[in-house]
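Take a look at the structure set out below.
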Number of protein chains: 2
Amino acid sequence: MQNDPLVIFTPSGKRGRFPAGTPILTAARQLGVDLDSVCGGRGICSKCQITPSYGEFPKHGVTVAADALTAWNAVEERYRSKRGMIEGRRLGCQAQVQRDIVIDVPPESQVHKQVVRKRAEARDIVLDPSVKLYYVEVAEPDMHDPTGDLERLRNALREQWDVTDLQIDLATLQALQPVLRKGGWKVTCAVHLGSRAYRPRIMQVWPGFHDAPIYGLAVDLGSTTIAAHLCNMQTGEVVASSGIMNPQIRYGEDLMSRVSYSMMNAGGAAEMTAAVRAGMNTLFDQIASEAGIDKTEIMDAVFVCNPVMHHLFLGVDPFELGQAPFALATSDALNLTAAEMDLKLHPSARIYLLPCIAGHVGADAAAVALSEAPDKSEDLVLVVDVGTNAEILLGNKDKVLACSSPTGPAFEGAQISSGQRAAPGAIERAEIDPVTKEPRFRVIGSEIWSDEEGFAEVIATTGITGICGSGIIELVAEMRMAGIVDGPGLIGSAEQTGSDRCILDGRTYSYLIWDGTADGGPRITVTNRDIREIQMAKAALYSGARLLMDKFEVDHVDRIVLAGAFGAHISPKHAMVLGMIPDAPLDKVTSAGNAAGTGARIALLNRKARDEIEQTVRAIHKIETAIEPRFQEHFVNASNIPNAIEPYPILNSIVTLPTVNFNQSGRETQSRERRRRRREE
Amino acid sequence: MQNDPLVIFTPSGKRGRFPAGTPILTAARQLGVDLDSVCGGRGICSKCQITPSYGEFPKHGVTVAADALTAWNAVEERYRSKRGMIEGRRLGCQAQVQRDIVIDVPPESQVHKQVVRKRAEARDIVLDPSVKLYYVEVAEPDMHDPTGDLERLRNALREQWDVTDLQIDLATLQALQPVLRKGGWKVTCAVHLGSRAYRPRIMQVWPGFHDAPIYGLAVDLGSTTIAAHLCNMQTGEVVASSGIMNPQIRYGEDLMSRVSYSMMNAGGAAEMTAAVRAGMNTLFDQIASEAGIDKTEIMDAVFVCNPVMHHLFLGVDPFELGQAPFALATSDALNLTAAEMDLKLHPSARIYLLPCIAGHVGADAAAVALSEAPDKSEDLVLVVDVGTNAEILLGNKDKVLACSSPTGPAFEGAQISSGQRAAPGAIERAEIDPVTKEPRFRVIGSEIWSDEEGFAEVIATTGITGICGSGIIELVAEMRMAGIVDGPGLIGSAEQTGSDRCILDGRTYSYLIWDGTADGGPRITVTNRDIREIQMAKAALYSGARLLMDKFEVDHVDRIVLAGAFGAHISPKHAMVLGMIPDAPLDKVTSAGNAAGTGARIALLNRKARDEIEQTVRAIHKIETAIEPRFQEHFVNASNIPNAIEPYPILNSIVTLPTVNFNQSGRETQSRERRRRRREE
């Protein structure tokens, strides 16, 4: 053995001696090197391509001679002439070791490829999808040993790939015999590998070597929108992304109105189930068409959603979620068939719904937990998924707590007098000069500020139509910093603030941002009622986070992750001035973008992540804000901007908030006087 | 402990000491005594009824005092007043031990009741069905520990009944929340317990205690008829039996003509699949209506059938079964849902198909193996299921061999000149006087022989319409014993036999049984062509059996079991005179009736029998007659009546077969002469 040639694999560094004539693929398998193969070493699939390196390798202590591998054989030559190969590559299953050799396994030849995530702080995804292709050679039927074709196919998969315990759908069984014969007893199988919860399953069998990608979907089913990523399950690549409005919107804008709809209308829940499933099928058509594939090529799908969407999607009446104790019909992850959910994908497609954490903390929060992995964090991280409901996670590798808090839709621009959804023309960024109290802003669709040259051209097409969620947060925070609004949330009068943009509007003041009425456009103000809405929303968010901090027995967190599409647009400084989030160094407040969608994609591409998140969710300690007395206390304090009692030392070191109070006894008296008069009328 | 009261259970004889105050059900469970309970000891289901015995028990060494059990408590009193109880019975969960006691567990209180089979030699069936009812009390939802309702139901089933790893159908989940609340968190679950191949599953949840039987079906899907038994899954009792013609008959009388139909007609296989499934649903309607139940109360069904029926039922084109190597699409047992097979039973009903043994030896033969258990036999048993195809099993506890042999439909009266299916008016029994050569016979529907008083009245209603399968076997055997037909199978002339019932019929002779032409009825004869058909059929059957004996290296068997509805009507002596079966003592030839149907019922009522038959089938050694050279040799020898070379010593000790030979050179010359003349014309 000592004289056998040495084979060194990079980048793994794994090495071993093998008899001359050993194929590189065999050596890789014996050493546990991650080298792919679909055809099992038959020179058909080319997934095992490797790059031999020649010359001196002092680091490895070897010199690789030009004849370290066998010369190209007929199989390799045929593959190269038919399909082409990158210069310097060999087929690992055909090239055999002759003398000491260094073999590089390029990333695309690794089974468990890394799918690189864009964010610096995010872990890469290790590709290990639930659906895999296997090429097998099946024993022909033998009258002396009359097993069925399926049983011989199963034997082949067990003997050639060590895949055992395989189930098969009836439709796949019905089609099996002609496929085996057409392929001359050589077939490619798509196998759903299963998990602890369900058994592996032969999904489709193609004659011969099937050389086409298989696809999977990661779907984020939101109350407002449904967004999907179509992924190539062999490369992990997102090949198309698409979204539609959730067709349930016609039954109610927010979750509770949909729950009410089902309570008030017999068959209402079933209607909404049909609507969301039909919407899914529309979305799948759309995304398949964008990618130029057939929907039946989609073999696996992962769904994340909040509990009400989860139940309506499953066809479970969400009645119980509308009232204490907010009992879920089921909280565990679900493994279902696409067919039983009326989803038109591959006929044997399987779907996976992540587990729900609690009646208000759904599979979307579980997906955020999978993406942001607070349970693996060394430092204490607060993860906030900001939407109509905020889902909040606080934890580190020792413990994770979760709750949800009813922020309402104010952060999305709803219930704001000039509020609108994020769309071209909406004010998304704002600054107010603390001296002149004059605002400047930017609208979605342009990088030019309102006081800069060229702004008139920008708004010539879009107009200035309103204020979106991030815009209202920045405006309120800027108003607080500029002394236009006080800590308790009152807008001062022109006299109090020294700005004639503060105008009387009923019994309170509004701050004028933009008057487009001369051009037939809107007059955009922030009213004191808008301030109240933002106060309610941010107080709900903060108190949820603070409650978790109480339970964790801490009074600060090491870092904060803002998740959700909206989170990506929030300025950390403004969020902190507002007191939405606890005090923290600004560079420790980051955005995770659509972390729920990312979590769905992880669960799609890595089947072990499914077991992992199921365990994580079981271990998460859930806090129900509605029954925690301290939640109300925190809420009252957090209604102040930023907070009536929390000190915010880090924020105060970078921002000085003016000490103003616009609650003058005169105004209060005036208002009391009015109420008295009304009663007398 | 030594002073604790002694509890002795009968009939098991299990005994143990328990602290005073221990409920009898608890004592039974701790001792492993088979005492049923659905409600888990809550005094609701009454399944745990026991009979305490009082007085002296010298055999057990105890004296039981009148106060050995606690007095009737309120729960027991309420149950007795509402539902009534047999005198002397107590509820095992309520009655508590106080002093030494002898407790009898009546059969109906045992979980694993014995279902008694009618045949003396058959084992009883131990009741252990796949579907069981469990009453549970489920924890209410708790906001501090927000698991789903399903998860708490699963916990209850695990903690209260030790049933784990439960799946649920989407429809059952959708209905779960209202049921739990309606039952006040007390529900009864029907659970399909699963097997090695598939996981246990909650099929239905009822509010409160569900006090109604659940049903299962054992179905024997034959080429000609479909027969079903509806069983109460808690008592094992057959509550209704019903049958219909297989609607596939319009596509072909026998299997091969159906295979041909699918080959000649695009979509033909799918048509036949739809036909048989529609037929099943008709049969289920019929049997449910007979039993006065709803089809949706049927939660489990077991099917047995030959391979072609198996494939057509599954929706697999039987093309491959029509040609060597007769490859089955799948040979293993199948666990499917009724829904995917288009069967309208309980929405979550599961179905089970027994495994096939080989391309010609189906799940029906597996069911016969389950019923007759050759693999558990101490002596060497030959099991023959006689039908259009004969399935043959030979074995003992060491080894079992199987083959099938193409007997054709002659044994069912088909292809016989006066043949007919077994129906009133058909000749089913016959004797021929060896001296006078006169026949006497009986027709189906009467016990009176044709030469007895009253026969004219018998046939006045039915007429004499033809000869059924058992009739033709007895007639041919009787003709051989009376010297009317010789060993090679030629019918003698009137001169040769001395009977003017032997009449020239073309170039051979026929034997006249009955001439009804005077009354407008048929003239019933056995023609030489009929003899040939029977010779072919019995030679095929015998050669299959003989081939298995070769493989077993034996030249006799210890006993013979004739299975199949037809087998029940065959006279062992006549079968042996004909040489259908090997030589054996007549009292060792028994009929098992519809053993395939019985096997289906065993698999329905005892889930472990499913694992058992799957293992048995895997171990059975299959012989393909078509490729065994000795099969032809045996066939040629077996064409003689009874056999050209096999000695049949046991038969010869009770029957003397006349040595006749009607193949006279003159006749042969005459016939050659005719052929020569025809060629010249």
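What follows is calculated from the coordinates using simple rules that are stated; it is not laboratory data. As the structure is a prediction and not an experimental result, all values here were calculated from the model. Neighbour counts are summed over all protein chains in view; Cβ atoms, including those assigned to glycine, are modelled from backbone coordinates with ideal geometry.
Per-structure values
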quantity: Sum of side-chain charges, A:P213 neighbourhood, beta-carbon under 10 Å (Lys, Arg +1; Asp, Glu -1); calculated: -3
quantity: Gained length - A:K551 relative to A:T282, 0.36 nm times residue gap less alpha-carbon distance; calculated: 92.4 nm
quantity: Value of Rg/Rh across the stretch B:6-109 [Cα atoms, Kirkwood radius]; calculated: 0.93
quantity: Which of A:P488, A:G322, B:V557, positive extreme of dipole for the protein assembly as shown (C-beta unit charges); calculated: B:V557
quantity: A:A494 paired with B:N73, simple spin-label distance in nm, labels 7 Å along Cα-to-beta-carbon; calculated: 8.4 nm
quantity: Cysteines in chain A that, by Cβ-Cβ distance, have no pairing candidate under 4.7 Å; calculated: A:C48, A:C93, A:C189, A:C231, A:C305, A:C356, A:C403, A:C468, A:C502
quantity: 5 angstrom amide H check on A:S591, placed H, neighbours 5+ away; calculated: A:L562
quantity: Three-way shape call for the stretch A:293-379 based on the alpha-carbon gyration tensor, with the a/c threshold at 1.5; calculated: oblate
quantity: Using θ = phi - 60° and Karplus 6.51 cos²θ - 1.76 cosθ + 1.60, couplings along the stretch A:404-411 (whole Hz; Gly, Pro as x); calculated: 10, 9, x, 6, x, x, 4, 5
quantity: Sequence-distant residues sharing a close amide H with B:A240 (under 5 Å, placed H); calculated: B:L230
quantity: Förster radius 22 Å - calculated FRET efficiency between B:L193 and B:T337 (Cβ-Cβ, nearest 0.05); calculated: 0.90
quantity: Alpha-carbon centroid distance for the pair the stretch B:388-442 / the stretch A:300-325, whole angstrom; calculated: 64 Å
quantity: Peptide A:326-338, shielding by other chains (average Cβ, 10 Å cutoff); calculated: 5
quantity: Peptides B:592-603, A:36-47 ordered by average Cβ neighbours within 10 Å, highest first; calculated: B:592-603, A:36-47
quantity: Theoretical gain in end-to-end length, B:T224 to B:R529 [0.36 nm per residue, Cα-Cα removed]; calculated: 107.3 nm
quantity: Positive dipole terminus of the stretch A:222-353, leading residue within A:A349, A:F313, A:Y261 (C-beta point charges); calculated: A:Y261
quantity: Phi-based couplings in Hz for the stretch A:489-500 (Karplus 6.51, -1.76, 1.60; Gly and Pro marked x); calculated: x, 8, 7, x, 7, 4, 5, 5, 9, x, 10, 7
quantity: Helix-only [θ]222 nm of chain B, DSSP H runs n ≥ 4, -39500 (n - 2.57) each, per residue, nearest 500; calculated: -9000 deg cm²/dmol
quantity: Contour minus Cα-Cα distance for A:H112 and A:E137 (0.36 nm per residue); calculated: 6.5 nm
quantity: Calculated diffusion of the protein assembly as shown, Stokes-Einstein form, Kirkwood radius summed over Cα pairs, 4 °C and 1.567 mPa s, µm²/s; calculated: 34 µm²/s
quantity: For the stretch A:620-628, Karplus couplings with θ = phi - 60° (6.51, -1.76, 1.60), whole Hz, Gly/Pro x; calculated: 5, 8, 9, 10, 9, 4, 4, 10, 9
quantity: Dipole magnitude of the protein assembly as shown, debye to nearest 20 (Cβ charges: Lys/Arg +1, Asp/Glu -1, about Cα centre); calculated: 440 debye
quantity: Using a Förster distance of 30 Å, the FRET efficiency for A:R507-B:D145 (Cβ separation, nearest 0.05); calculated: 0.05
quantity: Mean Kyte hydropathy of 0.0 or more with a Cα span along the axis of at least 30 Å, helices from DSSP in chain A; calculated: A:268-291
quantity: Lysine pairs with alpha-carbon atoms under 24 Å apart, the stretch B:1-152, spacing 8 or more or separate chains; calculated: 7
quantity: DSSP-defined beta bridges in chain A - what % are antiparallel, rounded to 5; calculated: 70 percent
quantity: 10 Å Cβ neighbours from other chains, averaged over peptide A:307-314; calculated: 1
quantity: Charged-residue dipole, Cβ positions (Lys, Arg, Asp, Glu), the stretch B:412-520 about Cα centre, Debye nearest 20; calculated: 400 debye
quantity: Top positive-direction residue, dipole computed over chain B with Cβ charges, set B:L605, B:T407, B:C468; calculated: B:L605
quantity: Cβ-based exposure ranking for A:V554, A:V102, in which fewest neighbours within 10 Å come first; calculated: A:V554, A:V102
quantity: Of all DSSP beta bridges in the stretch A:411-518, antiparallel share, percent nearest 5; calculated: 75 percent
quantity: Estimated FRET transfer efficiency (A:Q615, B:E378; beta-carbon r; R0 51 Å; 0.05); calculated: 0.45
quantity: Relative contact order %, chain B, counting alpha carbon pairs below 8 Å whose residues are six or more apart; calculated: 10 percent
quantity: Calculated on alpha-carbon atoms, Rg and Dmax of the stretch A:222-353 in Å; calculated: 15.2, 48
quantity: Neighbouring partner chain Cβ atoms per residue of A:170-179, average, 10 Å criterion; calculated: 5
quantity: Packing-based ranking, highest mean first, of B:360-367, A:579-586 given that Cβ atoms within 10 Å are counted; calculated: B:360-367, A:579-586
quantity: Relative contact order, percent, the stretch A:222-353 [alpha-carbon distance under 8 Å, six or more residues apart]; calculated: 24 percent
quantity: Unit charges on C-beta of K, R, D, E only; dipole of the stretch B:353-464, Debye; calculated: 380 debye
quantity: Percent RCO, i.e. relative contact order, over the stretch B:504-655, from Cα pairs under 8 Å lying at least 6 residues apart; calculated: 27 percent
